[in-house]
Each structure stands twice: as structure tokens, then as C-alpha cells.
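Asks: Can you keep this structure in mind? I'll have questions shortly.
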Amino acid sequence: MVKWQITNINTVAYFNIPIRLDQLAEHIYKDYPINYRPEDFPGLVVYLDKFRINIFRTGAMIITGIKKVEDIIPVVNEIKNLLKKYDISLPENYRLEIATSSISGKFDYNNIDIERMGIELEDALYDPDRFPAVTVYYNISPSYKVSFNIFKNGSFIGAGFKSEPSSIIQHIDKVVNSFQEEVVKKFIK
């Protein structure tokens, strides 16, 4: 079994209520660092200690910087409490989805021929002068693929994993172990 851990979860919370970003920006900047330039980006970015929120006028919010699935709901509750201070009441019912997540880990093998991977795999990029790993794209479905940066010693970084919050751990585990069996195993030295 491949060992891995989540390094970042980008979660989207859909509250489906209108939010006046200009009014919120006017007040929240006094308490938190923000970035609000509607001519460049259609959202208000609020930088908190452990995570960042992109708030959109539709009530959708992208939360980045979460490291554990079990922290998603407490972070959303923290955001709800934070915005309540600025007279924005978010509804109790909302939809959550994991837009993407990143992981790091170690395959069960210590010596992988990443040079050969870069040559033989169609969806692989390898340029050792720029980066000491091979990047391999792994298709989950026609419209969904993840990427792995694989190092010679079997360490890797994976990105692009998405699922419902309740099943993300099982989903990542299944994908990573399938990738090891279907791809990595063929390139061990």
C-alpha cells in the first residue's frame, strides 16, 4: 500500500446568496489582509492565518490551504462566524465539493527508472535539467486526470484529485494504488 498524505485541499462552498463584495471589502480590510481588484479578478480574496478564501458575489467561496478533510466543516463554520461579524449571514444549507487536492507520498519501490518513464509513457514530461522528477498524467476518465511528479527514490507529489469530501480519502487511495500497479510497477529497477 502506497503511503501518502494530503498537503492541500481546495474546497468550494456554494452558499447561493448574493454578497456585496465592495461593501465587505470596505470593512474587512481593517481586520484582515485582502486583495480586491474587481477589474482583474471577480472575487474578494481574504488571507487568514491558516487558509485563504476567495469570496464571489454569487455566494460561492473557494477555500485553499486546508490540510485535513476533517478540518473542512470547522473551517466553513469559522468563515460563517467571520462573515457574521460583517452582517453577512450564510445559510445553514450549502453544498461542498473538493475542487482539487494535492498529496505527497512514497511508492512501495525505492528505485524507479524515471528516465525510461519519460521516454516510454505518452503522457509524461521529463527534463532533468529543469526538474529532477518525471511528471506523469494519469487519466481517471475522459474528463478527469491527475498528475504525479515521481522521483527516482519512489517519492512523489500528486495533484488534481477531486471528489466529495466524504469519499476523498478512499478515492485518492484507490487512484494512487491503481497508478502504482498499472504504471509505476513497470518501471522499477
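Asks: Using +1 on the beta carbon of Lys and Arg, -1 on that of Asp and Glu, and nothing else charged, what's the dipole of the chain about the Cα centre, debye to 20?
Replies: Values: 23 positive and 24 negative charges, 64 e Å.
Charge dipole of the chain: 300 debye, to the nearest 20.
Asks: Going from the alpha-carbon gyration tensor of the stretch 43-114, what semi-axes, largest first and in whole Å, does one get by taking the root of 5 times each eigenvalue?
Replies: 33, 12, 11
Asks: Dipole size in debye (nearest 20) for the stretch 1-71 around its Cα centre, Lys and Arg Cβ +1, Asp and Glu Cβ -1?
Replies: Value, rounded to 20: 260 debye.
Asks: If you stretched the chain out fully between ILE73 and ALA159, how much longer would it get, using 0.36 nm times the residue separation minus the C-alpha to C-alpha distance?
Replies: Working it through step by step, the gained length comes to 28.8 nm.
Asks: Separate question: Choose one of ILE103, LEU121, THR135: the residue whose Cα lies farthest towards the positive end of the charge dipole of the stretch 67-189 (beta-carbon charges +1 Lys, Arg; -1 Asp, Glu; about the Cα centre).
Replies: Final value for the positive-end residue is ILE103.
Asks: At a 1.4 Å probe radius, carbon and sulfur cover how many percent of the accessible area of the chain?
Replies: 49
Asks: Relative to 2.2 N^0.38 Å, what does the C-alpha radius of gyration of the stretch 48-189 come to as a ratio? Two decimals please. Please list the in-between numbers first.
Replies: On the way: Rg = 18.7 Å, N = 142, 2.2 N^0.38 = 14.5 Å.
Normalised Rg, Cα atoms only: 1.30.
Asks: Oh, and also: What is the magnitude of the charge dipole of the stretch 59-161 about its Cα centre, with +1 placed on the Cβ of each Lys and Arg, -1 on the Cβ of each Asp and Glu, and no other charges, expressed in debye to the nearest 20? Kindly include the intermediate steps, with their values, before the conclusion.
Replies: Details: 11 positive and 14 negative charges, 87 e Å.
Roughly 420 debye, rounded to the nearest 20.
Asks: Continuing with this model, one more query. Counting only heavy atoms of the protein chains, get the accessible area per residue of the stretch 50-172 (1.4 Å probe) and round it to a whole Å² value.
Replies: Normalised by residue count, the accessible surface of the stretch 50-172 is 55 Å².
Asks: Shifting gears a bit: As a check on your grasp of the helix formula, calculate [θ] at 222 nm for the chain: sum -39500 (n - 2.57) over DSSP H runs of n ≥ 4, divide by the residue count, round to the nearest 500.
Replies: Roughly -7000 deg cm²/dmol at 222 nm, from the helical runs in the chain.
The values are calculated or read from the model by the stated rules, or taken from the named source; none is laboratory data. Bear in mind that the values here come from a model prediction, so they are computed numbers and not experimental data. Every residue, glycine among them, receives a Cβ derived from its backbone with ideal geometry; neighbour counts consider all protein chains shown. Side chains included, ligands, DNA and RNA excluded: accessible areas come from the protein's heavy atoms. Shrake-Rupley method; radii C 1.70, N 1.55, O 1.52, S 1.80 Å.
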